[in-house]
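Structure record follows, encoded as structure tokens.
Any read-out appearing in this document is the output of simple, stated calculations on the displayed coordinates, not a laboratory observation. Not measured: the values here are computed from a predicted model. When we count neighbours, we look across all protein chains shown, and the Cβ atoms used for this are built from the backbone with ideal geometry, even at glycine.
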Amino acid sequence: MNRPKKILVDCSFIYEHPELNTGIQRVVRKIIASLKELVIDREIEIVLVNINNTITRVSLETPIVQEKLNIKTYIKNIYRSTRDLFIAIFPHPKLKEFFYAPKERFGFRYIIQKLFIEPIEIIIQRKKENKIDKVSENSDIFIENGDILLLLDSTWHLSIWEQVKLIKDRGAKVISIVYDIIPISHPEFCDDHLVLVFKKWFENSINYVDEYIAISDTVKGNLKEYLIENYPPQKVKNLKFDYFYLGGDFIKEKNNIKINNKLKQVFSSKPTYLIVSTIEPRKNHKYLLDAFDKLWDNGLDIHLCIVGRVGWKVEKLMYRIENHKLYNKNLFLFSGLNDLELRYCYNSAKMLLFPSIIEGYGLPIIESLANFLPVLASDTPIHREVGGNKIGYFNINRVNDLVKKIENIEKDGIPKELIEFKDFKIMSWKESAEMLLEKVLKSKL
């Protein structure tokens, strides 16, 4: 197979949702930034595309993207202020349920979505359609035989397969990045709708995808096993499987971004333990809160700082957090942090705690180690693959295991083996993207 002249990189979801910068969206941004640098001397063009309903050449730095980001941030702030005000005045359980309901179910977020977000997105979409190129016979995205479509973003909620077929029919190879198969292997932790669309995504993918590249060897094995067990042999036998690892460094930013003063106060006033992740059931924030309630009851004056956007099936958890007697005293929640603020958290925390039940990788573990922040994580196969002997582990079936470990740390200090970073080499995002690029380029139809 000849070297491709173009790699079409799908960034459909983050183009539609520029306000998100955790999990998959974070990986997509980092990989794209590094890929652009890596192909300069290889005579390969990186083309960012949105393949949701149509095929368009896009940029993640256009005024339209920034406009969408500003509007969504503004509406989110209004939502939170209104919710907090009404709940403070009328603390009725039914009202709280209405305000904390996910946007897929009738409630305050559902109304905001239907009355404001969706109409605004339609207006912005119309603006966008007048400013970017669609793939057609006259488009400047000329797809040649051997070019590659890299499904890098999270597209299971989107309508992409008609466009994927069009690109494949023009001679391109289709490679999909797989972050995990958690909605299939552990559906109890996911939104019911996500489980359905995720399964449907794989049903469609095996008709068009030539190779799956996972973000860990563990995920590669899980994916291959699932496809072999659930799909006809003739559909699976020609598929290729591989994996690469994610980076952990932060691309340098201009230092003209101010750090939130409240964030500074949290980390400067008391020893602060950090968790970075979307707030969803499998991330196991409940376990962490149970442990810290015991620690606080035992008299330890320490902070727990939660960083991440609010996800699904966490209405009770969010109510518990935001109505906790120590909320904004010893318990803190931040979402929507930029890279500089997130790096400040890693550099200022005493330790990262990562109690996740199941992961595809566990990126915060790597980012913590890259910033010389000690880590305690749940004892799972993927965390052992990612963290090895450079991090500590605790049993998520016993809350007291973590309680005792933190009590010992507060009494005797962090164990020496968790702060020995001199021999530990973190893969950079550039190295991660290079590993991915080499696997993409060596792959043959």
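Taking R0 as 30 Å, what FRET efficiency do you get between ASP301 and TYR110 from their Cβ-Cβ distance, rounded to the nearest 0.05? Could the numbers behind the result be given before it?
Values: r = 40 Å, r/R0 = 1.34.
In this case the efficiency is close to 0.15.
Working from label points 7 Å from Cα in the Cα-to-Cβ sense, the LYS165 to GLU229 distance is 3.0 nm.
Full-extension gain between ASN389 and LEU38, please, as 0.36 nm times their residue separation minus the C-alpha to C-alpha distance. Please list the in-between numbers first.
Numbers: separation 351, 0.36 × 351 = 126.36 nm, distance 3.14 nm.
123.2 nm is the gain from fully extending ASN389 to LEU38.
The distance between label points at LYS439 and LYS5 comes to 2.8 nm (points 7 Å beyond Cα on the Cα→Cβ vector).
Rank by packing, highest mean first: peptides 384-397, 6-19, with packing defined as the count of other Cβ atoms within 10 Å averaged across residues.
On the way: 384-397: 16.9, 6-19: 22.3.
Ranking, from highest mean packing down: 6-19, 384-397.
Packing around the peptides 286-297, 183-194, taken as the average count of other Cβ atoms within 10 Å per residue, puts them in this order, highest first: 286-297, 183-194.
Given a Förster distance of 22 Å, report the FRET efficiency between LYS258 and GLU61 from their Cβ-Cβ distance, rounded to the nearest 0.05. With R0 = 22 Å, the Cβ-Cβ based efficiency is 0.60. Starting from a Cα-only point model with no solvent, please compute log10 I(q)/I(0) by Debye for the range 292-398 at q = 0.10, 0.15 1/Å. Here the Debye-derived log intensity ratios amount to -0.31, -0.74.
Taking Cβ atoms as reference points and 13 Å as the exclusive limit, the residues near VAL236 contribute a net charge of -1, counting Lys and Arg as +1 and Asp and Glu as -1. Projected label points at LYS316 and LEU196, each 7 Å from Cα along the beta carbon direction, are separated by 2.4 nanometres.
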